[in-house]
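The values are calculated or read from the model by the stated rules, or taken from the named source; none is laboratory data. As the structure is a prediction and not an experimental result, all values here were calculated from the model. Please note: Cβ atoms are built from the backbone with ideal geometry, for glycine as well, and neighbour counts cover all protein chains shown. The accessibility values were calculated without ligands, DNA or RNA, using every heavy atom of the protein model including side chains. Shrake-Rupley method; radii C 1.70, N 1.55, O 1.52, S 1.80 Å.
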Protein chains: 2
Amino acid sequence: MRILVVEDEPLLADAVAEWLRGESHAVDIVFDGAAALERFGVNDYDVVVLDRDLPGVHGDQVCRAIAAGHGETRVLMLTAASDIDDRVTGLALGADDYLPKPFAFRELAARVAALGRRARPAAPPVLERAGITLDTHRHQVFRDGRYVPLSRKEFAVLTELLRADGAPVSAEQLLEKAWDEHTDPFTQAVRMTILKLRRKLGDPPVVLTDPGVGYFLK
Amino acid sequence: MRILVVEDEPLLADAVAEWLRGESHAVDIVFDGAAALERFGVNDYDVVVLDRDLPGVHGDQVCRAIAAGHGETRVLMLTAASDIDDRVTGLALGADDYLPKPFAFRELAARVAALGRRARPAAPPVLERAGITLDTHRHQVFRDGRYVPLSRKEFAVLTELLRADGAPVSAEQLLEKAWDEHTDPFTQAVRMTILKLRRKLGDPPVVLTDPGVGYFLK
DNA sequence: ATGGGGGCATGAGAATCCTGGTGGTGGAGG
DNA sequence: CCTCCACCACCAGGATTCTCATGCCCCCAT
């Protein structure tokens, strides 16, 4: 899941991002509202963790902008404990949830996960194509009935390819889905992962290359 | 199983929580309705033990909120004996069970267990998989017919693994279900408990790990 | 046909992450 | 006082992930 953290306190922002990454989400950080708005022109986020008290553009404004322009994106608003009665205000602005500081990271992660579930309701648990069966629930992959052990990234990439349903997926898209923004755009990580996937999935090849475009299945 | 106790009398709340912890449940306590409502944004509880007579937000309101927003969560309502005719009212509000004070802790525990089973449809009182037999009633575990004494946490973790039915369960998920909210998110408690479980359950290993994903059975 | 050049595959490490395990501490309870 | 449980600090081995370097293949302009 792709998440944007908007928080002006760098230490807190980092801690939150780290925790969410531990939940295998792709997390970007910005430190003020203007930068946040800029991000929305660039990327699609599933969830935004938004500090209400931001320098410059206020969190409320950011929230309104998201609610207006990005129907898919869910907002979790963070606020100082003193604002606790602003709960109604926050929700009225279009926030989907509201979390008073101080909070436990576990709480935050749990709420983010809940929002993500809301944003993306019905993803089929079992994907299938070209002799590949992928069970998202059990984290298992079979090739022609034979179990194929995959690492985390391999699994994530294969899932994206399956979701694309045969359409080519560019390395950039894969980077966006399964890695976070801080990864070097010229990284070879995708290639490596594809390579290993091909090896593990065996013959005949199912992961094909559309040169200059991307990777696709069967 | 994760349980929230909502009870304004601290001594009673503590006693109930302790009793339930003895049954290997993870228990959080709050003393009023507002705090209870806040908790629901944070964790999903399997069961809520809810005093009807609360200061501030009344137990009925809490109950209604739970029924509206948390379909998975079951409510056991506690009430003064004089209210005994309110049984119908209570159930109409969305409570799943109703227990008049004073009550025996054993009875409360039994009803909570029953509700927990109901929350998981088709979860029988005896779970079984890969040579492991776990009796949720008697708190007993057998490996290939041989009795295995487990501590509370070990029992709780094994129960969650069995309920996952072979799907991997992450350490974070286990923390959510088997530990209460005062737990350090970076704790190694889960790993340690898994380690001990494996030792006690003996060979061949049944608790396996899916690296980077979680633990699973068989 | 031929000599680049871009895009891609591949191999060999290096850095990092994950995990199982040891030893030890503190607290609850007998 | 002793035992058991829950937990933390820490370590080492192994897997994973990623970079660097190299080589292949196809296309195309010469």
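Here are the numbers for this structure:
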quantity: Top-ranked residue of region B:189-206 - restricted to ones that are near DNA strand C (Cβ under 8 Å from one of its atoms) and farther than 22 Å from A:Ala109 by Cα, ranked as surrounded by the most Cβ atoms within 10 Å (Cβ to Cβ); calculated: B:Ile194
quantity: Residue check, B:Val190 β-branched (Val, Ile, Thr) and under 18 Å from the mean Cα position of the chain (by Cα); calculated: yes
quantity: A:Asp44 modelled with pLDDT of 75 or more, under 27 Å from A:Arg152 (Cβ atoms) and more than 12 Å from chain B (Cβ to nearest Cβ); calculated: yes
quantity: From the options B:His182, B:His137, residue that is within 13 Å of DNA strand D (Cβ to nearest atom) and outside the structural domain of B:Val6 (by TED's automatic domain parsing); calculated: B:His182
quantity: Where B:Pro211 falls short, out of the listed (1) open to solvent by less than 60 Å² (accessible area, probe 1.4 Å); (2) within 11 Å of DNA strand C (Cβ to nearest atom); (3) under 26 Å from A:Glu23 (Cβ atoms); calculated: (1)
quantity: Subset of region B:173-183 [surrounded by 19 or more Cβ atoms within 10 Å (Cβ to Cβ) and free of Cβ contacts under 8 Å to residues at least 60 places away in the same chain]; calculated: B:Leu174, B:Leu175
quantity: Filter result for the condition that a residue is farther than 18 Å from A:Leu4 by Cα, open to solvent by less than 20 Å² (accessible area, probe 1.4 Å) and either in the same structural domain as A:Val27 (by TED's automatic domain parsing) or at pLDDT 75 or above (or both), over A:Glu128, A:Glu154; calculated: A:Glu154
quantity: Residue check for A:Val141: in a helix (DSSP H, G or I) and either within 14 Å of another protein chain (Cβ to nearest Cβ) or modelled with pLDDT of 85 or more (or both); calculated: no
quantity: Residue selected from region B:4-28 under the condition within 16 Å of DNA strand D (Cβ to nearest atom) and in a strand (DSSP E or B), by the criterion farthest from B:His137 (Cα to Cα); calculated: B:Asp28
quantity: Residue within region B:77-98 that is in contact with a strand residue (DSSP E or B) (Cβ under 7 Å, 6 or more places away or on another chain), open to solvent by 50 Å² or more (accessible area, probe 1.4 Å), modelled with pLDDT of 80 or more and away from DNA strand C (no atom under 16 Å from the Cβ) present; calculated: no
quantity: Complete set of residues in region A:2-27 that are within 14 Å of another protein chain (Cβ to nearest Cβ) and open to solvent by 40 Å² or more (accessible area, probe 1.4 Å); calculated: A:Glu18, A:Arg21, A:Gly22, A:Glu23, A:Ser24
quantity: Check on B:Leu37, under 20 Å from the mean Cα position of the chain (by Cα) and closer than 17 Å to B:Arg106 by Cα; calculated: no
quantity: Leading residue by the ranking (surrounded by the most Cβ atoms within 10 Å (Cβ to Cβ)) among those in region B:28-41 that are more than 12 Å from chain A (Cβ to nearest Cβ) and over 17 Å from B:Glu18 (Cα atoms); calculated: B:Ala36
quantity: In region A:42-66, the residues that are without any contact (Cβ under 8 Å) to a residue 40 or more places away in the chain and either crowded, with 23+ Cβ neighbours inside 10 Å or not in a helix (DSSP H, G or I) (or both); calculated: A:Arg52, A:Gly56, A:Val57, A:His58, A:Cys63, A:Ile66
quantity: Subset of region A:141-157 [within 15 Å of DNA strand C (Cβ to nearest atom) and free of Cβ contacts under 8 Å to residues at least 40 places away in the same chain]; calculated: A:Phe155
quantity: Residue satisfying condition, being surrounded by fewer than 12 Cβ atoms within 10 Å (Cβ to Cβ) and of a type in the set (A, V, I, L, M, F, W, C), within set A:Phe142, A:Phe186; calculated: A:Phe186
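Here is a yes/no grid of residues against (1) more than 20 Å from the chain's Cα centre (by Cα); (2) assigned by TED's automatic domain parsing to the domain that holds A:Asp14; (3) within 16 Å of DNA strand D (Cβ to nearest atom):
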{"position": "A:Arg146", "(1), (2), (3)": "yes, no, no"}
{"position": "A:Ala167", "(1), (2), (3)": "yes, no, no"}
{"position": "A:Glu172", "(1), (2), (3)": "no, no, yes"}
{"position": "A:Lys196", "(1), (2), (3)": "yes, no, yes"}
